[in-house]
Amino acid sequence: MREPVFINQEEINQSKAAILRLQHALQDKNYRYFIESYGCQMNDHDSEKLAGMLEEAGCHKAAHKEEANLILFNTCCVREHAEKRVFGNIGALKKQKEADPSLCIAVCGCMMQQEAVAKRLYKRFPFVDIIFGTHELHRFPLLLEEALAGKRVFVHSDTDGEIAEGLPALRENPFSTNVIIMYGCDNFCTYCIVPYVRGRERSRNSQDILAEVEGLAKAGYKEITLLGQNVNSYKGDGGKMDFPTLLHRIHEVPGISRIRFMTSHPKDLSPGLIAAMASLPKVCNHIHLPVQSGSDRILQAMNRKYTRMDYLRLVEALRRQVQGIEITTDIIVGFPGEQEEDFLDTIRLVEEVGFSAAYTFMYSPRPGTLAAKMEGQIDEAVKKDRLFRLNQRIAQLLQESNQKYIGQQGEVLIEGCDGRGPEIMAFGKLPCFKMVYFPGDTSLIGQLRQVRITAAQSNSLLGELL
Ligand code: SAH
Ligand code: SF4
Ligand code: F3S
């Protein structure tokens with residue numbers, strides 16, 4: 001991992017000065033923004049930072065896109081489908097821009113970090129005012145200022161490896177939130193675009209992370225999720241602080257009841273981390289451990305650096321040491337060269353492990369990645385068929401394995417209410433990440449409460465409040 005370069009205070013101060021100027025320029029204008037965020041929690045958190053800067057500049061969130069003065073797309077490019085949706089949704093804004101030429105449209109995020117795609121978008125949609133990549137997030141107030149002065153703004157740079165501290169964030173959820181501990185990825189799985197659009201792996205200093213968590217605890221947050229593309233390889237404080245030690249430090253922060261983290265790469269899951277999970281009561285008994293495939297041949301072609309047996313050994317160690325742990329995963333079907341037998345290896349692995357949720361994807365070739373140029377690209381129909389069969393098997397297995405929860409008692413952090421059925425149901429997660437629905441109302445939201453499980457479905461559990 002490369003040593004991070006902390007963006008100097010001077011540059012952050014320039015952005016803060018721009019925020020103040022915007023505040024002055026936009027006051028009494030009821031300037032409203034709408035952010036459409038695609039992709040993973042990294043992007044969601046970047047959107048919270050963009051919203052934080054806009055709120056400090058005196059802007060307010062618009063309830064609908066149609067009411068906004070500024071529409072910002074924070075894009076993802078992990079699969080082709082995500083890109084297509086962005087192009088479609090930006091195209092659909094043409095009429096709104098014609099009706100209100102003062103409408104400001106901005107596009108940022110991972111898709112815009114791919115220079116060729118960003119240039120294509122710039123040409124194809126002349127009504128887009130601002131385009132910027134992932135490494136420019138902290139400069140957004142300055143870019144908005146330029147756009148409001150009538151300029152069309154396009155910024156792209158490959159200066160990755162930087163970390164910007166001290167930006168405000170407007171957090172969506174008042175009791176559970178994400179804290180980024182590291183940026184970027186060095187793993188270069190052959191199918192994945194993330195290292196190209198998020199830059200090299202770099203870790204925040206533990207004192208900055210701890211200060212953020214302490215602030216969140218004081219503000220009443222009960223659950224935090226530590227985020228990174230590969231948190232197990234976190235190395236902060238000039239390489240002196242590893243992830244298990246960081247977990248111990250965060251565990252000492254009073255007020256936080258639950259600590260989660262994602263994502264974990266199996267090749268870096270250390271005995272120390274398993275021991276920390278086992279010994280620290282606030283660290284939830286859940287791990288998201290993407291396996292991607294159950295075939296050694298395919299795992300090697302994916303450059304995942306572990307075998308099926310390595311993975312099964314980790315599962316065994318986790319189950320032995322961390323009481324009641326649930327394991328969730330990501331799986332790709334139809335990677336180049338995947339034969340029926342490889343796919344069946346994946347099904348067999350799923351049966352052996354008993355995942356409590358699996359996010360399954362059809363392989364999507366990403367320009368610039370090694371796998372996109374590999375021979376043996378799989379037919380879309382075959383990919384679809386494999387995805388369908390895999391999902392069916394997972395649902396069946398979950399229906400069966402969830403039965404073990406019936407009669408058990410556990411603590412949920414109540415996230416919301418669903419009024420679509422005959423009865424209003426509150427819902428929240430157990431520490432192991434299982435979602436439980438139970439009769440309840442909105443007054444419960446944000447509370448930690450005990451429930452008893454009364455029934456099990458494939459995707460969730462039903463229960464009653466104790
Ligand atoms: N850093 C995380 C995940 C990042 S992307 C990790 O390593 O686990 C989230 C998931 O998207 C991946 O786990 C993978 O299953 C899926 N994914 C990434 N690239 C993909 C592609 N080209 N086609 C299909 N799925 C992909
Ligand atoms: Fe992509 Fe692999 Fe990095 Fe995850 S670990 S972000 S899948 S390259
Ligand atoms: Fe996340 Fe998509 Fe970027 S998955 S890191 S928003 S490419």
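Quick look at the values:
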read-out: Number of positions in region 12-38 that are open to solvent by 60 Å² or more (accessible area, probe 1.4 Å) and more than 16 Å from residue 72 (Cα to Cα); value: 11
read-out: Per-region count, region 430-451, residues part of a loop (DSSP other than H, G, I, E, B) and farther than 13 Å from residue 464 by Cβ; value: 9
read-out: Residues being near ligand 3 (Cβ under 9 Å from one of its atoms), in a loop (DSSP other than H, G, I, E, B) and open to solvent by 10 Å² or more (accessible area, probe 1.4 Å) - total across region 39-81; value: 5
read-out: Unique match (being touching a residue at least 40 places away in the same chain (Cβ under 8 Å), more than 23 Å from the chain's Cα centre (by Cα) and open to solvent by 10 Å² or more (accessible area, probe 1.4 Å)) among 334, 324; value: 324
read-out: Search result, residues across region 125-150 that are touching a helix residue (DSSP H, G or I) at 6+ places or on another chain (Cβ under 9 Å) and without any contact (Cβ under 8 Å) to a residue 60 or more places away in the chain; value: 125, 127, 128, 129, 130, 131, 132, 136, 143
read-out: Of the criteria (1) more than 15 Å from ligand 1 (Cβ to nearest atom); (2) touching a helix residue (DSSP H, G or I) at 6+ places or on another chain (Cβ under 7 Å); (3) open to solvent by 50 Å² or more (accessible area, probe 1.4 Å), which one residue 319 fails; value: (2)
read-out: Which numbered condition residue 224 misses (of (1) crowded, with 18+ Cβ neighbours inside 10 Å; (2) under 19 Å from residue 162 (Cβ atoms)); value: (2)
read-out: Residue satisfying condition, being in a loop (DSSP other than H, G, I, E, B), of a type outside the set (Gly, Ala, Ser) and either modelled with pLDDT under 95 or open to solvent by less than 20 Å² (accessible area, probe 1.4 Å) (or both), within set 281, 290; value: 290
read-out: In region 356-385, the residues that are within 16 Å of ligand 2 (Cβ to nearest atom), aliphatic (A, V, I, L, M) and open to solvent by less than 30 Å² (accessible area, probe 1.4 Å); value: 358, 371
read-out: Sole exception among (1) within 16 Å of ligand 1 (Cβ to nearest atom); (2) free of Cβ contacts under 8 Å to residues at least 60 places away in the same chain; (3) not aromatic (Phe, Trp, Tyr) for residue 302, by number; value: (2)
read-out: Unmet requirement for residue 188, which otherwise passes all of (1) within 16 Å of ligand 2 (Cβ to nearest atom); (2) of a type outside the set (D, E, K, R); (3) surrounded by 18 or more Cβ atoms within 10 Å (Cβ to Cβ); value: (3)
read-out: Pairs, first more than 17 Å from residue 430 (Cβ to Cβ) in region 247-261, second part of a loop (DSSP other than H, G, I, E, B) and not acidic (Asp, Glu), C-beta under 6 Å, six or more apart; value: 251/280; 251/282
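The values are calculated or read from the model by the stated rules, or taken from the named source; none is laboratory data. Please read these numbers as outputs of a predicted model, since none were measured by experiment. Note that we place each Cβ from the backbone using ideal geometry, even for glycine, and neighbour counts take in every protein chain shown. Remember, those area values only see protein heavy atoms, side chains included, never the ligands or the DNA or RNA. Shrake-Rupley method; radii C 1.70, N 1.55, O 1.52, S 1.80 Å.
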